[in-house]
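Visitor: Pasting in a structure now, in structure tokens, and then I'll have a few things to ask.
The values are calculated or read from the model by the stated rules, or taken from the named source; none is laboratory data. Quantities reported herein were computed from a predicted structural model and do not represent experimental measurements. Virtual Cβ from ideal backbone geometry, glycine too; neighbours counted across all protein chains shown.
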Amino acid sequence: MDTGLILAYIAVMAGVTYAIRVLPLVLFRKEIKSTFVRSFLYYIPYAVLGAMTFPAVFYSTGSVASATVGLVVAVFLAIKGKGLVTVAVLACVAVLAAEALMGFIA
């Protein structure tokens, strides 16, 4: 991927996240008391980040199968409450092992 394209993606993501955080301040002068609206506005940046990141997970390795193995390992460890570094390292190890196993079998 081109560095300029990556920087453009980051800039768009930052702009969208910033706009979503600032827009309620501009549009609503009073405090928002609805718990539904408050929780909706709180989770939008995470949903946008997930929607932009999740598809790239499947195309970041040599095959979709090894990427799926890494994703399953990462989700399992995250649900178990492991830290970010632990999840990332063990997911990478799982992808490496899956790639090696698929290379060994083929």
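Visitor: Examine segment 51-59 for a residue that is modelled with pLDDT under 90 and either of a type in the set (Ser, Thr, Tyr) or touching a strand residue (DSSP E or B) at 6+ places or on another chain (Cβ under 6 Å) (or both), and state whether such a residue exists.
Guide: yes
Visitor: Here is a list: Phe54, Phe40, Phe76. Which entry is more than 16 Å from the chain's Cα centre (by Cα) and aromatic (Phe, Trp, Tyr)?
Guide: Phe40
Visitor: Report, by residue number, each residue of segment 73-88 that is surrounded by 13 or more Cβ atoms within 10 Å (Cβ to Cβ) and of a type in the set (A, V, I, L, M).
Guide: Scanning segment 73-88 gives Val73, Ala74, Leu77, Ala78, Val87, Ala88.
Visitor: Follow-up. The conditions are (1) assigned to a loop (DSSP other than H, G, I, E, B); (2) outside the structural domain of Val95 (by TED's automatic domain parsing); (3) not aliphatic (A, V, I, L, M), and Thr17 fails exactly one of them. Which is it?
Guide: (1)
Visitor: Can you tell me which residue within segment 49-72, out of those that are within 16 Å of Ala97 (Cβ to Cβ) and touching a residue at least 24 places away in the same chain (Cβ under 8 Å), is surrounded by the fewest Cβ atoms within 10 Å (Cβ to Cβ)?
Guide: Here the answer is Gly62.
Per-residue answers, yes or no, for (1) of a type in the set (A, V, I, L, M, F, W, C); (2) assigned to a loop (DSSP other than H, G, I, E, B):
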{"position": "Met1", "(1), (2)": "yes, yes"}
{"position": "Leu7", "(1), (2)": "yes, no"}
{"position": "Tyr42", "(1), (2)": "no, no"}
{"position": "Pro55", "(1), (2)": "no, no"}
{"position": "Ser66", "(1), (2)": "no, no"}
{"position": "Leu90", "(1), (2)": "yes, no"}
{"position": "Val93", "(1), (2)": "yes, no"}
{"position": "Ala98", "(1), (2)": "yes, no"}
